[in-house]
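The values are calculated or read from the model by the stated rules, or taken from the named source; none is laboratory data. From a predicted model like this one, the values you see are computed outputs, not experimental measurements. Every residue, glycine among them, receives a Cβ derived from its backbone with ideal geometry; neighbour counts consider all protein chains shown.
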Amino acid sequence: MSSHVSSIREPLVFGNKSYHNITEDLVGPTEKTPGKLWLAMFILAVIVLSFGVFAVTWTIYYGIGVWNLNRTIGWGWDITNFVWWIGIGHAGTLISAILLLFRQRWRTGVNRAAEAMTIFAVMCAAMFPLIHVGRAWDVFFFFPYPNTRGPLWPNFVSPLLWDVFAISTYFTISVLFWYTGLVPDFATIRDRATGLRKKIYSALSFGWKGSAKNWQRFESVSLVLAGLATPLVLSVHTIVSFDFATSVIPGWHTTIFPPYFVAGAVFSGFAMVLTLMLITRKILHLEDYITVNHIESMNKVILVTGSIVGVAYITELAIAWYSGYVYEQFAFLNRAKGIYWWSYFGMMFNNVVIPQFFWSKKIRTNVTWTFFLSILINVGMWFERFVIISTSIARDYLPSSWSYYVPTGIEIMIYIGTFGLFFTLFLGFTRVAPVVAIAEVKSILKDYGDQYLDKTQENI
Amino acid sequence: MKTKKNILFGLYDDEQDLLKAVKVSNERGLKIMDVYSPFPIHGLDPLLGLKESRLHIAGFIFGTLGALTGFLFMSWVFKIDWPNVFGGKPLWPIPAFIPVTFELTVLFAGVGMVVTYFIINGLSMKAETEVLHDRISDDKFCIAFDVTGNASDNASTFESFLNETGATYVETKEMSDL
């Protein structure tokens, strides 16, 4: 009811939209032939993906000897990329689940795309442990299934095994959450389509009717899934951090890791959502649905989580000093002043300094600035994982085994290839499903449409 | 094949019109078969006399099942099937079971609930979906009455009710899947 609306509430849907306009605008991209810009990006993504496919095939054929990992540095770009992608995969569920529980309505504009991003990012991430084990065809050994080797069970008290459970559960729940929300929107596409398209979307929408009881159950299942996904998303990166924190490597065995990793994951995830949403809203002309208010809200989350990450970096240093433990102190001094100083600088600058720009309202409501800074944050978060993983082990207890690691071309190609996979999937997704949750935007229209709030794009 | 039903339905342009109409139908004691809408209408469930969904109870049961599965399975492996000492830790390291137990709780609860949700909503993959009107998933709000085998005077009561309360479109359709 617009009469109860606070005057400071900012609109989330612009352009004086009616319900039918929303359907037209959001289903539109799935019905039209893609534009040149989309096509160019899709072709580029597929080309990049093909490099990745080549490099992964090469790795599986020849073994991980084609990487530059060595006796001292056993985890390099592979695990760095794995943790980086998993971190990016956290924003989607955070937006859909935690913001649903907190009743943040701005989630409706971005949740669908963010969930898709989560799923694709987790797929990119999951590939790294898969090929890192060396014998990719034996990865099903991870799972406890009755086998002819005893049966021999996996070690349930190893954090690496917890990771298997955490990531596969996270992936499954994210897909279910995403698909449950897509069903009513597929029904909208179905009812506008004809011929074969109608049949396909009829199957995809599972015969959704939209009766009162359907919607009541829909809201119930969304809420409970959100309640389940919220601790899940926190648990996943906590468990990823256990991979390091439960070890005895200085620089890794840090009790601060779980909250610090979770904050970092949210931070990098939101940066990636922003990068992606700014591209998407441009290609699909969704400026009325993914508004500057959405961008500003996400930038605020980045500012908060970026500052948490900054505090964590400084706390780590302070604790290393306070511990009085020389190996720990060395590990941290080595990060800042050792051979990998440039990655430490990249991490500190991009993750601690860059988000501080978002204190300025001008910058956090500026699309160009946001795009540029969000990319820097993505880079910074990659450096963070590299700093933690590789620089900690590059300087062993024994100076005789100290080593330096630079990736081979194959390793770089695998990483770049994951972008190909990610963007191929995402661009494909923008053509077959509505990028913005249609039903959810309609349900907030009367509360957040510009015409109901009497604020049009011009007078903000 | 289900028996065919005759459905009389009216479309409204706004969810507020529909809510008002449902109130009127309650006053007159007209039995609405169902309401269809493009998004959930808040405040509709009590007017239609729908009870709160019990899906979350299903979720709880599945979750409990998942927790028990995880915990008991790991206990069985560590205590009975293949006792092994890892790093001098106890044979039954309960705290180390928490992560996997938690993940399985969430997995079972989530999957179980979504499957239950699809089943009780009668959702299944099929190439043809019968809908009352194509715009119901777009921008129209629909009240439907079951007029199968009813005397025609009953149908006309419903029809005049729909017209009076501001329905912009009224039709009777034979449906086999509602």
* Only one residue in A:Ala187, A:Ala166 is closer than 20 Å to A:Ile22 by Cα and hydrophobic (A, V, I, L, M, F, W, C), so which one is that? -> A:Ala187
* Asked: Does B:Glu171 satisfy the condition of being more than 30 Å from B:Gly63 (Cβ to Cβ), away from chain A (no Cβ under 11 Å) and part of a helix (DSSP H, G or I)?
  -> no
* Give the stretch B:78-102 a look and list any residue that's among the aromatic types (Phe, Trp, Tyr) and either facing chain A (nearest Cβ under 9 Å) or in contact (Cβ under 8 Å) with a residue 40 or more places away in the chain (or both), or say none. => B:Phe78, B:Trp82, B:Phe86, B:Phe97, B:Phe102
* **Qualifying residue in the stretch B:103-124 (condition: over 29 Å from A:Asp185 (Cα atoms), of a type outside the set (Ser, Thr, Tyr), crowded, with 19+ Cβ neighbours inside 10 Å and within 9 Å of another protein chain (Cβ to nearest Cβ))** => yes
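Okay, residues lined up against (1) in a helix (DSSP H, G or I); (2) of a type in the set (Gly, Ala, Ser); (3) under 26 Å from A:Val157 (Cα atoms):
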residue	(1), (2), (3)
B:Gly63	yes, yes, yes
B:Gly70	yes, yes, yes
B:Phe78	yes, no, yes
B:Trp92	no, no, yes
B:Gly110	yes, yes, yes
B:Met125	no, no, no
B:Ile143	no, no, no
B:Gly149	no, yes, no
B:Ala155	yes, yes, no
* Would you confirm whether any residue within the stretch A:18-27 is modelled with pLDDT under 85, buried (at least 17 other Cβ atoms within 10 Å of the Cβ) and not in a helix (DSSP H, G or I)? => no
* Asked: Pick from the stretch B:26-58 the residues that are part of a loop (DSSP other than H, G, I, E, B) and among the basic types (Lys, Arg): which of them is farthest from the other protein chains (Cβ to nearest Cβ)?
  -> B:Lys31
* Asked: Is at least one residue of the stretch A:115-130 in a helix (DSSP H, G or I), free of Cβ contacts under 8 Å to residues at least 40 places away in the same chain and surrounded by fewer than 21 Cβ atoms within 10 Å (Cβ to Cβ)?
  -> yes
* Please work out if A:Phe261 is surrounded by 19 or more Cβ atoms within 10 Å (Cβ to Cβ), part of a helix (DSSP H, G or I), more than 14 Å from every other protein chain (Cβ to nearest Cβ) and in contact (Cβ under 8 Å) with a residue 12 or more places away in the chain. => yes
* Could you please let me know if A:Thr33 is free of Cβ contacts under 8 Å to residues at least 12 places away in the same chain and outside any helix (DSSP H, G or I)? => yes
* To do: Would you check if there is a residue in the stretch B:126-134 being at the interface with chain A (Cβ under 7 Å from one of its Cβ atoms), at negative phi and out of contact with any Lys or Arg (no Cβ under 8 Å at 6 or more places or on another chain)?
  => yes
* Are any of the residues in the stretch A:267-274 in contact with a helix residue (DSSP H, G or I) (Cβ under 7 Å, 6 or more places away or on another chain) and assigned to a loop (DSSP other than H, G, I, E, B)? -> no
* How many of the residues in the stretch A:280-328 are within 30 Å of A:Ser403 (Cα to Cα), without any contact (Cβ under 8 Å) to a residue 40 or more places away in the chain and either crowded, with 17+ Cβ neighbours inside 10 Å or in contact with a Leu (Cβ under 7 Å, 6 or more places away or on another chain) (or both)? -> 2
